[in-house]
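This report concerns only the one structure given below.
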Amino acid sequence: SQQGEEDPQALSIQEGENATMNCSYKTSINNLQWYRQNSGRGLVHLILIRSNEREKHSGRLRVTLDTSKKSSSLLITASRAADTASYFCATDAASGGYQKVTFGTGTKLQVIP
Amino acid sequence: DVKVTQSSRYLVKRTGEKVFLECVQDMDHENMFWYRQDPGLGLRLIYFSYDVKMKEKGDIPEGYSVSREKKERFSLILESASTNQTSMYLCASSLNKWGKNYSPLHFGNGTRLTVT
């Protein structure tokens, strides 16, 4: 079963605007991660937020986590054309003591120059 | 830098064939994962392994098996390929065994498998 669901499925913005993507998940987690995927390539890790954290920043990225609502958001500020990609949230939940990482369905972001 | 290498970028197989997808990582990672990616469905976990010769079913293991004889190599096997297994297959690895530790996944570039 899919653990995470991203919203929106697709997002188109102008360069310089902010982009916000949301993720909802179903079960309790150890941490939540965001990944980026350029077309036809593998995923690249962007940022991780632990279950006891509420907000985290990395450069132009800001991630929030609300474990009571089982949701997270990724904000990309001052977007650039190079930010065009698909973005996935991934939840990390111990399964029998082992790392089991499941992904959402992704948000396709297009940044128009 | 961690490198995860998938043996084929594109693969075309016939229905009923036995298919092997190979994945090798060069950073002594304990955990390895196989996902398939389909439009609108995101990434779905097929199998994962936390140690040599150990494996765990993911969310969609039916029609697949895996092999991990050496720490650096994790193979995905389609015993009898079917057209509904046409997909992009992504392999990943991570360092730590316990999910509470910071342990991002490192991905290969994927194998696009077409079953005709």
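The values are calculated or read from the model by the stated rules, or taken from the named source; none is laboratory data. Keep in mind it's a predicted model, so treat the numbers as computed, not measured. Cβ coordinates were reconstructed from backbone atoms using ideal geometry, including for glycine residues, and neighbour counts include every protein chain displayed.
For the subset of the stretch A:1-33 comprising residues that are facing another protein chain (nearest Cβ under 10 Å) and either closer than 23 Å to B:S93 by Cβ or touching a helix residue (DSSP H, G or I) at 6+ places or on another chain (Cβ under 7 Å) (or both), which member is modelled with the lowest pLDDT? Outline the logic, then answer.
Taking the stretch A:1-33 and keeping what is facing another protein chain (nearest Cβ under 10 Å), we get A:1-6, A:9, A:29-31, A:33.
Next, only the ones that are either closer than 23 Å to B:S93 by Cβ or touching a helix residue (DSSP H, G or I) at 6+ places or on another chain (Cβ under 7 Å) (or both) stay: A:2-4, A:29-31, A:33.
Numbers: A:Q2: 48, A:Q3: 63, A:G4: 70, A:I29: 87, A:N30: 84, A:N31: 88, A:Q33: 93.
Going through the qualifying residues, I end up with A:Q2.
Does B:N96 satisfy the criteria of being touching a Ser or Thr at 6+ places or on another chain (Cβ under 6 Å) and assigned to a loop (DSSP other than H, G, I, E, B)? Full working, then the answer.
Working: touching a Ser or Thr at 6+ places or on another chain (Cβ under 6 Å): yes; assigned to a loop (DSSP other than H, G, I, E, B): yes.
Yes: the conditions hold for B:N96.
How many residues does the stretch B:12-21 contain that are assigned to a strand (DSSP E or B) and more than 17 Å from B:V66 (Cβ to Cβ)?
Within the stretch B:12-21, the first condition is being assigned to a strand (DSSP E or B), and the residues that meet it are B:12-13, B:19-21.
Then keep just the ones that are more than 17 Å from B:V66 (Cβ to Cβ); that gives B:12-13.
Looking only at that region, the number is 2.
Which ones in the stretch B:1-59 are under 13 Å from the mean Cα position of the chain (by Cα) and under 14 Å from B:Q85 (Cα atoms)?
Scanning the stretch B:1-59 gives B:V19, B:F20, B:L21, B:W34, B:Y35, B:R36, B:Q37, B:L43, B:R44, B:L45, B:I46.
Which condition does B:G108 not pass, out of (1) over 15 Å from the mean Cα position of the chain (by Cα); (2) within 27 Å of A:I49 (Cβ to Cβ), if it passes all the others?
(1)
Give B:V52, B:V24 a once-over and let me know the one that is part of a loop (DSSP other than H, G, I, E, B), more than 10 Å from chain A (Cβ to nearest Cβ) and surrounded by fewer than 21 Cβ atoms within 10 Å (Cβ to Cβ).
Numbers: B:V24 fails: part of a loop (DSSP other than H, G, I, E, B).
Criteria check complete, one pass: B:V52.
Of A:S86, A:S68, A:S58, A:S73, which residue is among the polar types (S, T, N, Q) and closer than 26 Å to B:S8 by Cβ? Walk me through how you get there before you give the answer.
Values: A:S68 fails: closer than 26 Å to B:S8 by Cβ; A:S58 fails: closer than 26 Å to B:S8 by Cβ; A:S73 fails: closer than 26 Å to B:S8 by Cβ.
When all the criteria are applied, what remains is A:S86.
Output the strands (runs of 3 or more DSSP E) that fall wholly within the stretch A:40-113 and possess 3 or more residues being more than 14 Å from chain B (Cβ to nearest Cβ), or say none. Before you say what the answer is, go through the steps one by one.
Details: elements: A:43-50, A:55-58, A:61-66, A:71-76, A:85-95, A:98-103, A:107-112.
Output list reads A:61-66, A:71-76, A:107-112.
So for the stretch A:87-102 (the condition being surrounded by 14 or more Cβ atoms within 10 Å (Cβ to Cβ), of a type in the set (S, T, N, Q) and without any contact (Cβ under 8 Å) to a residue 40 or more places away in the chain), does at least one residue qualify?
Start the filter on the stretch A:87-102 by keeping residues that are surrounded by 14 or more Cβ atoms within 10 Å (Cβ to Cβ), which leaves A:87-95, A:98-102.
Now drop any that are not of a type in the set (S, T, N, Q), which leaves A:91, A:95, A:99, A:102.
Narrowing further to those that are without any contact (Cβ under 8 Å) to a residue 40 or more places away in the chain: A:95, A:99.
Yes, the stretch A:87-102 has at least one match.
Find the residue count for the stretch A:1-56, including only residues that are within 17 Å of B:L45 (Cβ to Cβ), of a type outside the set (S, T, Y) and surrounded by fewer than 16 Cβ atoms within 10 Å (Cβ to Cβ).
Count: 1.
What pairs come up if the first residue lies in the stretch B:48-61 and is of a type in the set (G, A, S), the second is surrounded by 15 or more Cβ atoms within 10 Å (Cβ to Cβ) and part of a loop (DSSP other than H, G, I, E, B), and their beta carbons are under 8 Å apart, counting only those six or more places apart or on different chains?
Between residues of the stretch B:48-61 that are of a type in the set (G, A, S) and residues that are surrounded by 15 or more Cβ atoms within 10 Å (Cβ to Cβ) and part of a loop (DSSP other than H, G, I, E, B), the close pairs are B:S49/B:K55.
Looking at B:N96, is it in contact with a Leu (Cβ under 9 Å, 6 or more places away or on another chain), within 8 Å of another protein chain (Cβ to nearest Cβ) and not hydrophobic (A, V, I, L, M, F, W, C)? Before the answer, list the steps.
Details: in contact with a Leu (Cβ under 9 Å, 6 or more places away or on another chain): no; within 8 Å of another protein chain (Cβ to nearest Cβ): yes; not hydrophobic (A, V, I, L, M, F, W, C): yes.
For B:N96, the condition - in contact with a Leu (Cβ under 9 Å, 6 or more places away or on another chain), within 8 Å of another protein chain (Cβ to nearest Cβ) and not hydrophobic (A, V, I, L, M, F, W, C) - is not met.
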